[in-house]
Structures are given as structure tokens and as C-alpha cells.
Amino acid sequence: MRTALGVAIAALALLSTGGAVAAPASFQLVFNGKHQANLLHEGTFTTSSTRCPSGTAADVSIDEATLTATRRFSCAAGGDFTATVGPLPAEHGGSGSWQIVDGSGPLTDLRGKGTFTSVRLSGDPNDPETITFRSTWTGVAALDATPPTVSVTHWQAKKLARPKRTYRVRLGLSMPDNGGGAVSYALQLVDPRKPSNAIVFKTGNTATGSVTRSFRIRVGKHTRRLRLKVDASDVLGNQSAFAKTFRLR
């Protein structure tokens, strides 16, 4: 176990330093689980982080629609962190995803995300109360709870001669990540009067923090404004939302 986790320990030691935010480092966690009386999961865990080498964990709730559990990990060394894990049945043997969404004490700003694979160690699959399992997480984590900052660096909407009500929109965005990692985004252009109907919907990623896009659009007869909406997320799962309205000339 120590050999497998050794690669990540040195990198995650940066989590204890002050000053600049450390770049996301590889993260591994092994959870040995069983069932509570209400069939939620609980157990012990070890991680590759020197800030939280081991501890106990228990689900505090589950989203029945997605079968995603909210689980609190209490570190023997002090502090705790909260993660979402789903789908919960896959921990009996299968795969899924996890995301660290909150923390306390020395792990207040801990965030991360990745995937898990699980194996059933014992028990009858038709009798969940008897099942024990081992779930192994891999992904990235860092003491960084700050989402990307989104701003518009360039906007131009040029009306074309034909067809009628057609524009060429050129857009520049800045969305740097304070940890220096890549940022994924989804952007929409909508008529503010009909915000649920996207005129443009695009997704992408940027490693530099800069995005330039160009669109040819046709708007409604009475459309005088366009609203830009951007959702951005860093590799740790920190998310931000941005919106701004522009007038068409």
C-alpha cells in the first residue's frame, strides 16, 4: 500500500505550505466499507495525503434520484472533508465518480475529484447488510477552493447585410485558474426575453485561461439584446457562473 501511494505523498505535502496555491496533485484514497443499519455506507480509510493519512468515514445523506451519497471523512490527524460519491451501489463492485466539496480545520480548502473502482470483499449480493467492500479512489486534489474568474475581454456583434437579422459575433473571454490548471466551460447566448432557449451553446477547455470564439447567429424580429452566460470549472471541480447582457446595434 505504501509503495503504491508513495508517488503522491511528496506532491500532496505542498498542501501544508502557505502562499501560492499548489497545483493539483495526484490523490488516492482506499475506503473499506460496510453498511449502517439504514444501508448507507461507513468504514475506515487511508489516503496518500500526509495531512490526512487515515480515519473513519460515514454517509450523512443520499440523493435518491441519482444514488449519490454525501460522505464525511474524519481524519485521525484532525480536520475532516466531505465528498459526494456515486452511484452508491457501484461501491459493492463497479466504478463511479467522487468529488471533495467541503472541509474543516486544516482541510477547509481541500477540493478534488476523480473516479473510483470497487470490489466486493464478502457477503451475499442479494443481502446488502452482509456486504463488505473496498473502494479505491484516484484523481487530483489540492488546498484550493477558489473557482476560475470569468471576464469578457472582447465583444463585437456585427450586423450582416443578409439574411435579415443575422449577426457575426466575436467573443473573447478570460477565465484563469489560480492554481494554473486547465478550465472547462460552457457558454450560451440567449435572448433575455427567452432565457431558456439558447441561440448558441458551446463547450470547451482552455489550458491558457483565454478563449476566443466566433458565431454567426440569426435573432428574432424584436431581439435587441443578447445575454451571455458562462459556467466555468477547474480540474478540482470549483465552479463559477458569469452573465452579462449586450445591446445589439
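The values are calculated or read from the model by the stated rules, or taken from the named source; none is laboratory data. On a predicted model such as this, the values are computed, not experimentally measured, just so you know. Counting neighbours? That spans all protein chains shown, and the Cβs are built from the backbone with ideal geometry, glycine included.
Quick check on Thr223: is it of a type in the set (Ser, Thr, Tyr), more than 19 Å from His154 (Cβ to Cβ) and not assigned by TED's automatic domain parsing to the domain that holds Trp98? Spell out how you get there, then give the answer.
Working: of a type in the set (Ser, Thr, Tyr): yes; more than 19 Å from His154 (Cβ to Cβ): yes; not assigned by TED's automatic domain parsing to the domain that holds Trp98: yes.
Yes: the conditions hold for Thr223.
Here Pro128 fulfils each of the conditions (1) at pLDDT below 95; (2) under 15 Å from the mean Cα position of the chain (by Cα) apart from (2). For the criterion of being surrounded by fewer than 20 Cβ atoms within 10 Å (Cβ to Cβ), part of a loop (DSSP other than H, G, I, E, B) and either outside the structural domain of Gly79 (by TED's automatic domain parsing) or at pLDDT below 95 (or both), Ala20 passes.
Filter segment 107-127 down to the residues that are within 20 Å of Leu39 (Cα to Cα) and either part of a strand (DSSP E or B) or of a type in the set (Gly, Ala, Ser) (or both) and list them by number. Break it down stepwise before answering.
Of segment 107-127, the ones within 20 Å of Leu39 (Cα to Cα) are 116-127.
Result: Phe116, Thr117, Ser118, Val119, Arg120, Leu121, Ser122, Gly123.
Taking the listed residues Ser95, Ser104, the one that is surrounded by 15 or more Cβ atoms within 10 Å (Cβ to Cβ), assigned by TED's automatic domain parsing to the domain that holds Gln36 and at pLDDT 95 or above is Ser104, with no other qualifying. Evaluate segment 154-169: report whether one residue or more is of a type in the set (Phe, Trp, Tyr), without any contact (Cβ under 8 Å) to a residue 40 or more places away in the chain and surrounded by fewer than 20 Cβ atoms within 10 Å (Cβ to Cβ). Checking segment 154-169: not a single residue is of a type in the set (Phe, Trp, Tyr), without any contact (Cβ under 8 Å) to a residue 40 or more places away in the chain and surrounded by fewer than 20 Cβ atoms within 10 Å (Cβ to Cβ).
Restricted to segment 180-198, and to residues that are closer than 23 Å to Lys113 by Cβ and in contact with a strand residue (DSSP E or B) (Cβ under 6 Å, 6 or more places away or on another chain), which residue is modelled with the lowest pLDDT? Spell out the reasoning first.
Within segment 180-198, the first condition is being closer than 23 Å to Lys113 by Cβ, and the residues that meet it are 180-187.
From the residues that got through so far, the ones that are in contact with a strand residue (DSSP E or B) (Cβ under 6 Å, 6 or more places away or on another chain) too are 181-187.
Numbers: Gly181: 88, Ala182: 94, Val183: 97, Ser184: 97, Tyr185: 98, Ala186: 98, Leu187: 97.
Among those residues, the one meeting the criterion is Gly181.
Identify the residue in segment 74-95 that is touching a Leu at 6+ places or on another chain (Cβ under 8 Å) and without any contact (Cβ under 8 Å) to a residue 40 or more places away in the chain and, among all such residues, is farthest from Glu42 (Cα to Cα).
Quick first cut of segment 74-95, residues touching a Leu at 6+ places or on another chain (Cβ under 8 Å) only: 75, 79-81, 86-89.
Going one step further and asking which of them are without any contact (Cβ under 8 Å) to a residue 40 or more places away in the chain, we end up with 75, 79-81, 86-87, 89.
Numbers: Cys75: 14, Gly79: 18, Asp80: 15, Phe81: 15, Gly86: 14, Pro87: 15, Pro89: 13 Å.
Here the residue is Gly79.
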